[in-house]
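Asks: The following block contains the structure, expressed as structure tokens.
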Amino acid sequence: MTEGHRQHDRRRSGSAYAMIIGVSAVLMIIGLAAVSVARIDTRGVSSDNDWSEAQVLALSAAENALARIAATDDWRSRLAGVVTVPMGHGTMQWQITDDADGQLADDAEEPILIVATGQVGASKYKLGLRCLVEGLPLEVLSRCIHSGGDITMDKDSQLTVIGGAASTNSDFHADKKKAELAGDLEADGVWWKNNVTGNISKHATPLTMPDPRVVDTYRAMATDISGRTLINRQAIGPGRNPWGTANADGVYYLNAPGADVTLRDSRILGTLVVRCRRLTIDNNVLMESFREDMPVLIVDGDLVLDFESYGSQLRESDEDTNFNPPGVPCSGQSDSDESDSYPSEIRGLVHVRGDLTLKSTALVRGAIVCDGEVLCDGINVIVHDEDLSTLPIIGYTSGDGYLHRDGWKRMTD
């Protein structure tokens, strides 16, 4: 082989070697890149997994808080701190707060906020669960009528209570021979027990009365219809206010301090709150609450029930008024005529902050709570609505009830 051929072969071998080295370098770079990408993907998957687990831990933290609340007496005081629990690959943490005034233990009926956090590694997820306190109905709502003061029955009066007792935190008095309480009685002292046809419980334990602030609670929810002392031949409800804008919940507030107010020949579908010296309801009326968690009538003053129920009705033709126009339906129906008639009665919870006088033949289907004294001077019937004993009425509950989840929100540090 000539020298030229040998030089040519050496150059060709050198070129092939250089090419092999180059290809190897490229392959090595590709391999390193693949390893790096794999590591990045692994870290990304791990991070995603941590993030997902942190969310689950946050939800679990809130559920853990609810379970601890349900199992702990006096939880507002005993569970006031931060609770941290190891779980899975991380931790869950929760704290119960009062976002209204910051004082968790000052009011058993205030809403709470559960701040729940889940953390796995560097991944943290934080949630807030707001809960409303759905308290237990006050025991007074299990009675047909309950008074903070005496119950007195005048001559020839009769009070019939069905489905619940008549009760008082004070004494029961009755005309010796010509008054009758048909039903059960609970009282401290009982004068003339022969006037009672049912069971008698003497020296009964006083029952807790509603919080006086309940008037302000409903005033805040109400549409104001002040400026009048007479409501006559009116239909008022969630879709109709004869004097202005309607209230969607049918809550209306009439403020007449120091004055006497009269309500007659009208139909109310909702909650009427009246602040006055004395409210008198007479002739024929049909009053019923629109929402089952609200009372039908609150009187911040005295109340006289002087309307007729026995053998009497609220007739549209008699009053030249349509009592079920649009906005005030009866059994879900409205119309434009004046040919209907309605029973004359009150349906729902009645709360009297002053004294109560029962006259004529007034019928109440629900319950009456009177902070003051009760005078029976008619032939009256109260039929208890058992739903009042089980369904919480806003403002008429104790704080020892249940928590109702009001909503979640995402939180950040």
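Asks: Could you please find all residues in segment 190-229 being among the acidic types (Asp, Glu) and within 15 Å of TYR396 (Cβ to Cβ)?
Replies: Those that are among the acidic types (Asp, Glu) and within 15 Å of TYR396 (Cβ to Cβ): ASP211, ASP216.
Asks: Whether any residue in segment 185-197 is out of contact with any Asp or Glu (no Cβ under 8 Å at 6 or more places or on another chain) and assigned to a loop (DSSP other than H, G, I, E, B) is what I want to check.
Replies: So far as segment 185-197 goes, no, none of its residues is out of contact with any Asp or Glu (no Cβ under 8 Å at 6 or more places or on another chain) and assigned to a loop (DSSP other than H, G, I, E, B).
Asks: Another question, if that's okay. When you look at ILE368, is it of a type in the set (A, V, I, L, M, F, W, C), out of contact with any Cys (no Cβ under 6 Å at 6 or more places or on another chain) and under 22 Å from VAL214 (Cα atoms), yes or no?
Replies: yes
Asks: Anything in segment 215-237 that is part of a loop (DSSP other than H, G, I, E, B) and closer than 23 Å to VAL352 by Cα? List them, or say none.
Replies: Correct list: ALA222, ILE225, SER226, GLY227, ARG228, THR229, GLN234.
Asks: Which ones in segment 378-413 are of a type in the set (Asp, Glu) and assigned to a strand (DSSP E or B)?
Replies: ASP400, ASP406
Asks: Among (1) touching a Pro at 6+ places or on another chain (Cβ under 7 Å); (2) in a loop (DSSP other than H, G, I, E, B), which single condition is GLY311 missing?
Replies: Going through (1) touching a Pro at 6+ places or on another chain (Cβ under 7 Å); (2) in a loop (DSSP other than H, G, I, E, B) one by one, GLY311 breaks only (1).
Asks: So PHE290 fits all but one of (1) part of a strand (DSSP E or B); (2) aromatic (Phe, Trp, Tyr); (3) touching a Gly at 6+ places or on another chain (Cβ under 9 Å); what number is the exception?
Replies: (1)
Asks: Looking only at segment 355-384, filter to residues that are in contact with a Phe, Trp or Tyr (Cβ under 9 Å, 6 or more places away or on another chain) and of a type in the set (Val, Ile, Thr); which one of those is nearest to ASP282 (Cα to Cα)?
Replies: Step by step, filter segment 355-384, then rank; the result is THR361.
Asks: Pairs, please: C-beta under 6 Å, at least 6 apart or cross-chain, first residue free of Cβ contacts under 8 Å to residues at least 24 places away in the same chain and in segment 364-380, second surrounded by fewer than 24 Cβ atoms within 10 Å (Cβ to Cβ) and not charged (D, E, K, R)?
Replies: As it stands, the answer is ARG365/VAL383, since those pairs meet every condition given.
Asks: Check whether at least one residue in segment 393-405 is buried (at least 17 other Cβ atoms within 10 Å of the Cβ) and among the charged types (D, E, K, R), and report yes or no.
Replies: Taking every residue of segment 393-405 in turn, none turns out to be buried (at least 17 other Cβ atoms within 10 Å of the Cβ) and among the charged types (D, E, K, R).
Asks: Give me a count of the residues in segment 101-156 that are farther than 30 Å from LYS178 by Cα and assigned to a loop (DSSP other than H, G, I, E, B).
Replies: 14
Since every read-out is calculated from the coordinates, none of them should be taken as a lab result. All figures in this text were calculated on a predicted structure; none of them were measured in a lab. Glycine gets a Cβ as well: all are built from the backbone with ideal geometry, and neighbour counts include every protein chain shown.
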